[in-house]
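Notes follow once the structure below has been shown.
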Amino acid sequence: MNIMKRLTPLLALVCIASTGFGSSVLAQGEFGYDVELDVVYGKGIVGSDGVLVERDLLLDVYTPSANNADYTKSDAVADTPRPAVILVYGGGFQRGGRRHAPYSEFDAIHSRMEDYAQLLAPLGYTVFVIEYRLAPELPEPHMALDADWVVTIEEDLTDAGMRRVNFARDSLGLGPLEGEDGKVVVWKTILSAAEDLEKAVEFVRSSSFRFGVDPDRIALGGHSAGAATVINAAHGLDVPVTAIFPLSPPLSAIDLSKTVTTSDETPTLHVISQYDEPAVLEKAPGFTAAMRNAGADYELVWVPGFPHFYPHNTPSLGDDGTRKALSVRLTDFLDKHLKQ
């Protein structure tokens with residue numbers, strides 16, 4: 001047998017080449033997508049040895065490929081410019097990454113943002129998985145801590161929310177954040193994360209030709225802290241996106257009375273699980289009521305039987321009585337808002 005014929009599929013999976021943009025390309029076309037790693041999308045200020053410094057903010061890009069017809073819809077790569085999805089990982093604003101081992105809790109393992117990217121890219125979406133500044137870096141936001149779209153620190157950072165923050169810190173071997181000073185660190189991180197996501201949206205829109213995406217068809221999604229960041233960016237900072245899907249969002253900083261007021265709010269697929277974190281469950285009713293009272297395009301989805309972590313192929317129950325795999329419900333939602 002020709003040895004090159006045997007190696008070609010493997011080479012397609014592991015070949016890494018320079019792109020000329022300070023990043024690298026990991027060719028995985030046999031799975032219906034290619035990956036470009038470590039693309040700089042902006043800069044953010046963090047604390048280092050008592051001094052404020054600026055660091056690069058990075059993302060990974062998952063681009064649809066037609067190389068595997070079994071995993072790619074026939075029209076997935078023909079539609080250019082393509083719709084885009086920007087994904088934000090969770091971790092209590094303390095931990096996480098773009099290529100990170102999955103978290104588990106009560107024997108439940110969640111799907112990472114890269115898992116969602118690998119689901120969506122073969123279906124014709126160009127997907128960007130971003131990093132953002134985390135609390136151990138001591139980020140400094142540009143906006144004021146009492147910006148006009150946010151609630152007060154005391155109102156947002158509840159006891160349940162701070163317990164989840166410190167749960168994440170404990171997993172890193174870090175001490176708890178306590179008192180007013182600890183809350184200020186978390187608050188700065190929440191606002192910095194929203195700013196970083198806003199920068200990512202600006203980058204994708206300004207680089208639409210490079211990535212072959214439509215700047216007017218962008219969705220945001222994230223889990224946990226990433227989901228809160230998605231809500232803060234879309235409904236607080238009013239970033240120009242078409243739809244969002246926050247998965248189990250806690251600690252949302254937005255003042256609902258000021259930010260969710262009209263039927264023109266960004267269409268939202270809001271997911272929570274049956275045994276979700278108290279920090280999630282205590283926030284969900286207020287957001288749901290605000291979106292429905294405003295007459296916005298809003299779906300509430302419940303994942304039965306799972307805690308805060310759950311896989312994207314788990315069954316989900318819609319507020320319209322439907323039962324679907326979460327992955328199917330998500331792709332239906334994105335197809336409706338980004339492909340029609």
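The values are calculated or read from the model by the stated rules, or taken from the named source; none is laboratory data. None of the values given here were measured: they were computed from a predicted structure. Note that we place each Cβ from the backbone using ideal geometry, even for glycine, and neighbour counts take in every protein chain shown.
Among the residues of the stretch 203-235, those identified as crowded, with 24+ Cβ neighbours inside 10 Å and part of a helix (DSSP H, G or I) are V204, A225, G226, A227, A228, T229, V230, I231, N232, A233, A234, H235.
For T63, are the conditions met, namely being modelled with pLDDT under 85, hydroxyl-bearing (S, T, Y) and in contact with a strand residue (DSSP E or B) (Cβ under 9 Å, 6 or more places away or on another chain)? When the stated conditions are applied, T63 does not pass them. Taking first residues from the stretch 304-315 that are among the small types (G, A, S) and partners that are assigned to a loop (DSSP other than H, G, I, E, B), the Cβ contacts under 9 Å between residues at least 6 apart in sequence or on separate chains come to G305/Q274; G305/Y275; G305/T314. Here S273, S208, S263 are screened, and the one residue that is among the hydroxyl-bearing types (S, T, Y), over 19 Å from E155 (Cβ atoms) and touching a residue at least 40 places away in the same chain (Cβ under 8 Å) is S208. For the stretch 143-191, the candidate set comprises residues that are in contact with a strand residue (DSSP E or B) (Cβ under 8 Å, 6 or more places away or on another chain) and of a type outside the set (F, W, Y); within that set, the residue that is surrounded by the fewest Cβ atoms within 10 Å (Cβ to Cβ) is V151.
Taking the condition surrounded by fewer than 21 Cβ atoms within 10 Å (Cβ to Cβ), on the phi < 0 side of the Ramachandran plot, part of a helix (DSSP H, G or I) and not aliphatic (A, V, I, L, M), does E195 pass?
no
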